[in-house]
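The values are calculated or read from the model by the stated rules, or taken from the named source; none is laboratory data. Fair warning: this is a prediction, and the values are worked out from it, not measured in the lab. With ideal geometry, Cβ positions are generated from the backbone for all residues, glycine too; neighbour counts draw on all protein chains shown.
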């Protein structure tokens with residue numbers, strides 16, 4: 001259907017432009033160049049507008065038709081249990097489409113979450129701002145975030161990417177050797193490290209990363225402090241709130257970490 005529609009659009013648009021060109025030449029010859037140019041400009045704008053409206057009409061009709069077919073299929077289900085499952089699935093699908101339309105994608109597994117987070121590093125030109133609640137073991141060899149950090153280190157070294165990360169640790173945890181290793185490794189790689197006391201700061205509850213102030217990825221933790229799922233958003237309001245939260249935490253509730261020599 002798409003190819004047929006595109007071909008039809010092109011034919012009508014070209015026809016309208018040629019008709020407009022013919023009228024423009026006539027008016028240019030008998031009246032003035034200004035009127036001829038105006039006629040041609042109007043014909044081009046009309047062709048573009050009609051093409052866009054036609055495209056919207058076809059897509060809208062197709063969407064309504066597909067939705068109608070789906071509802072008809074659901075009506076054919078006789079078993080009450082299966083019917084209930086079908087209705088629930090339809091409602092969940094509509095809710096998820098609305099979520100995507102609002103600018104948010106859900107990741108239900110840590111694998112998909114990390115794939116999205118790592119890919120976003122390559123699409124980031126200037127800056128990453130992150131909040132980390134993750135267990136320190138996840139950042140070292142064998143941890144789920146080791147490869148994610150390695151990609152950041154490469155981007156810092158090769159492209160000059162700016163990365164700032166706020167870690168949340170208690171005073172006792174800062175004495176842990178793995179914690180010290182993580183902080184020293186990231187600081188040596190060029191990450192601007194900030195430390196916030198997790199026993200005192202209560203308004204930050206989820207890990208997140210902001211990429212160039214355009215995209216944010218937010219994680220959800222289980223009781224063990226591991227990311228289990230998350231979401232990616234381009235919603236401007238959500239991103240502005242995360243930026244405000246990050247900057248407030250950095251300036252008011254944390255301090256800059258420096259590797260001890």
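Considering only residues that are closer than 28 Å to residue 203 by Cβ and either surrounded by fewer than 17 Cβ atoms within 10 Å (Cβ to Cβ) or in contact with a helix residue (DSSP H, G or I) (Cβ under 7 Å, 6 or more places away or on another chain) (or both), which ones fall in the stretch 129-144? Spell out how you get there, then give the answer.
The first filter runs over the stretch 129-144 and keeps only residues closer than 28 Å to residue 203 by Cβ, leaving 129-139, 143-144.
Of everything in the stretch 129-144, those that are closer than 28 Å to residue 203 by Cβ and either surrounded by fewer than 17 Cβ atoms within 10 Å (Cβ to Cβ) or in contact with a helix residue (DSSP H, G or I) (Cβ under 7 Å, 6 or more places away or on another chain) (or both) turn out to be 129, 131, 136, 137, 139, 143, 144.
As an exercise: evaluate residue 182 against (1) over 16 Å from residue 248 (Cβ atoms); (2) out of contact with any strand residue (DSSP E or B) (no Cβ under 7 Å at 6 or more places or on another chain); (3) surrounded by fewer than 18 Cβ atoms within 10 Å (Cβ to Cβ) and give the number of the one condition it does not meet.
(3)
In the stretch 122-140, what count of residues is obtained for those that are in a helix (DSSP H, G or I) and either within 16 Å of residue 188 (Cβ to Cβ) or modelled with pLDDT of 90 or more (or both)?
Total meeting the criteria: 3.
Can you name the residue in the stretch 190-204 that is at pLDDT 95 or above and not in a strand (DSSP E or B) and is also farthest from residue 251 (Cα to Cα) among such residues?
190
Do you know which residues across the stretch 185-200 are over 18 Å from residue 148 (Cβ atoms) and crowded, with 16+ Cβ neighbours inside 10 Å?
Of everything in the stretch 185-200, those that are over 18 Å from residue 148 (Cβ atoms) and crowded, with 16+ Cβ neighbours inside 10 Å turn out to be 194, 195, 196.
Condition check ((1) in a loop (DSSP other than H, G, I, E, B); (2) touching a residue at least 60 places away in the same chain (Cβ under 8 Å); (3) under 20 Å from residue 213 (Cα atoms)) across all residues:
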{"site": "105", "(1), (2), (3)": "no, yes, yes"}
{"site": "113", "(1), (2), (3)": "no, yes, yes"}
{"site": "120", "(1), (2), (3)": "no, yes, yes"}
{"site": "142", "(1), (2), (3)": "yes, no, no"}
{"site": "151", "(1), (2), (3)": "no, no, yes"}
{"site": "165", "(1), (2), (3)": "no, no, yes"}
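Which one of 237, 252 is under 23 Å from the mean Cα position of the chain (by Cα), over 23 Å from residue 185 (Cα atoms) and either free of Cβ contacts under 8 Å to residues at least 60 places away in the same chain or in the same structural domain as residue 132 (by TED's automatic domain parsing) (or both)? Give the derivation first.
Working: 252 fails: under 23 Å from the mean Cα position of the chain (by Cα).
The match here is 237.
The rows are residues; the columns are (1) farther than 24 Å from residue 251 by Cα; (2) surrounded by 15 or more Cβ atoms within 10 Å (Cβ to Cβ).
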{"position": "148", "(1), (2)": "yes, yes"}
{"position": "216", "(1), (2)": "no, yes"}
{"position": "225", "(1), (2)": "yes, no"}
{"position": "233", "(1), (2)": "yes, yes"}
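With the condition kept exactly as written, say whether any residue in the stretch 172-187 is outside any loop (DSSP other than H, G, I, E, B), under 19 Å from residue 219 (Cα atoms) and assigned by TED's automatic domain parsing to the domain that holds residue 242. Quick ask: steps written out before the conclusion?
Of all residues in the stretch 172-187, those outside any loop (DSSP other than H, G, I, E, B) come to 173-175, 177-187.
Filter once more, so that each one left must be under 19 Å from residue 219 (Cα atoms): none.
Checked against the condition, which is being outside any loop (DSSP other than H, G, I, E, B), under 19 Å from residue 219 (Cα atoms) and assigned by TED's automatic domain parsing to the domain that holds residue 242, the stretch 172-187 yields no hits at all.
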